[in-house]
Amino acid sequence: MFLTLLLAVSGEHSFGQANYPISSYNTTARAFRNLLLTNQQIEDNDTINEEILDLVTPMVQDSVIGRKKEHHQVFLVGWFIHAFGNYNWRAMNPVKEKIVGTIKRASRSSEEEFTEYDINFDLYMHLHKYLWHTFPSYDLSGKTRRENFGHKGKKNWNEEPYVRDTMHIDMNKYRMHCELTPPKAFRPQLHYLFYPTQPGTDIEQHPNFMSRFPSMGFYGVNCLDCNHTCHAEIHPYDWIWWMNLHNGTGAEKTWLVGLMKDGSNRFRHWTHNPKTGKISIPFSFHIDGKVNKGRSVTVEHLVFDRFLDAEMTKLTLPTDLISPNREYMLVNFSGASAGDIPVTLHFKSAIVTNGLKYWFSDVNWDEQNHILSGFFNMATSVHDVYTMKVTFAQE
């Protein structure tokens, strides 16, 4: 009956079917339960928002960076100031890292300088594991004691965050600056469809945010920017993700996810073409006894360029993959006491490529609380950029 209704709604559109067994029967973890809160409840609590975003697991094929330091590439000037002035970016870890927090300031370059046009976010962390993880960066910055050339306001290297009493931490002293130059050819599309890249629109005005202080997640190189004050950065970030808590109904959960290569020529050993990676996005549905009640996952491809199908072999992927070459897919989750639980997967635009795959994993059925949860996964290999919007809805 449910399938017949869906076919009637989809009309002439292609419709497929996939089956995923429930893999665990545990009490739903708190962060997954929080996905069932209203969007307003999540927005009102930055810690809850960050705990949800922290469920996301990103990776890229070039996660191990090729050199500890990178420098500007402006003719011989970049090499000169790196070699003789030690002005450069210095990696804190040879492997790219994830960080989650809440934005207190978003900014961008006013104009392109050589190849640099940066989209910046200043991140402050409520989750202790990320806040504590910034301490080594500030400790090293405090030892280096570099000031911005010509800057009037001097730092006090003898106070927090450069020295600290771990029993009295002020989280507002610890900023992680997240920075990327998006690929130049895609900045206008990114501005209209993903996030602001041009003057005239701030994040609180952008339809994918509608909030001045959103919580966000980033994945990239954890480094010190010693071209300035050796401050802590994720630069460049490869993955970026957040929830738009002002989209649709209060119960719908809309995610924005992007994978991008840095578009400047500063990080030749830290980011490469193609961008090959995967990401896991959490979901939760409350099953109230009506197993055929409408539940859906809608994927909207936003800004993207050429997919590289052959590069997908470099990723370890499961066998039960879903291709976006159909507009509709009925996904059955089997193993619940009430019977199979159907979810409609809808691709707003069908794409014929093997460089983009989706699947569900770690599906859990909480019998006592009637909650189905798990991860919706995406893998891709793209030359420069792929961004998408994913909405989880339940009638």
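Across the stretch 86-145, the qualifying residues are those that are of a type in the set (Val, Ile, Thr) and assigned to a loop (DSSP other than H, G, I, E, B), and the one among them that is surrounded by the fewest Cβ atoms within 10 Å (Cβ to Cβ) is 115. Any idea which of (1) crowded, with 19+ Cβ neighbours inside 10 Å; (2) among the aliphatic types (A, V, I, L, M); (3) modelled with pLDDT of 95 or more; (4) farther than 17 Å from residue 35 by Cα is the one residue 390 doesn't satisfy? (4) is the only condition that residue 390 fails. Listed by first and then second residue, the pairs linking a residue in the stretch 53-82 that is within 13 Å of residue 270 (Cβ to Cβ) to a residue that is crowded, with 16+ Cβ neighbours inside 10 Å and at pLDDT below 75, with Cβ atoms under 8 Å apart and 6 or more places separating them unless they lie on different chains, are 69/82; 71/78; 71/81; 71/82.
When you look at residue 353, is it closer than 22 Å to residue 274 by Cα and of a type in the set (Ser, Thr, Tyr), yes or no? Yes.
Can you say whether residue 282 is buried (at least 18 other Cβ atoms within 10 Å of the Cβ) and either under 23 Å from the mean Cα position of the chain (by Cα) or of a type in the set (Asp, Glu) (or both), as far as the supplied structure shows? Yes; evaluated as a whole, the condition is true for this residue. The single residue among 249, 229, 254 that is assigned to a strand (DSSP E or B) and of a type in the set (S, T, N, Q) turns out to be 254. Between 234, 240, the distinction of being in a strand (DSSP E or B), touching a residue at least 24 places away in the same chain (Cβ under 8 Å), closer than 30 Å to residue 141 by Cα and touching a His at 6+ places or on another chain (Cβ under 9 Å) belongs to 234 only.
If I filter the stretch 56-94 down to residues being β-branched (Val, Ile, Thr) and more than 24 Å from residue 138 (Cβ to Cβ), which single residue comes out as modelled with the lowest pLDDT? Out of the qualifying residues, it is 77. Restricting the stretch 289-336 to residues that are at pLDDT below 95 and basic (Lys, Arg) leaves a set whose member that is nearest to residue 277 (Cα to Cα) is 326. All conditions in (1) in contact with an Asp or Glu (Cβ under 7 Å, 6 or more places away or on another chain); (2) over 18 Å from residue 187 (Cα atoms); (3) at pLDDT below 95 hold for residue 247, with the sole exception of (1). Filtering the stretch 1-55 to residues that are closer than 27 Å to residue 247 by Cα, of a type in the set (Asp, Glu) and either exposed (fewer than 14 other Cβ atoms within 10 Å of the Cβ) or modelled with pLDDT under 95 (or both) leaves only 44.
The values are calculated or read from the model by the stated rules, or taken from the named source; none is laboratory data. All values derive from a computational prediction rather than experimental measurement. Please note: Cβ atoms are built from the backbone with ideal geometry, for glycine as well, and neighbour counts cover all protein chains shown.
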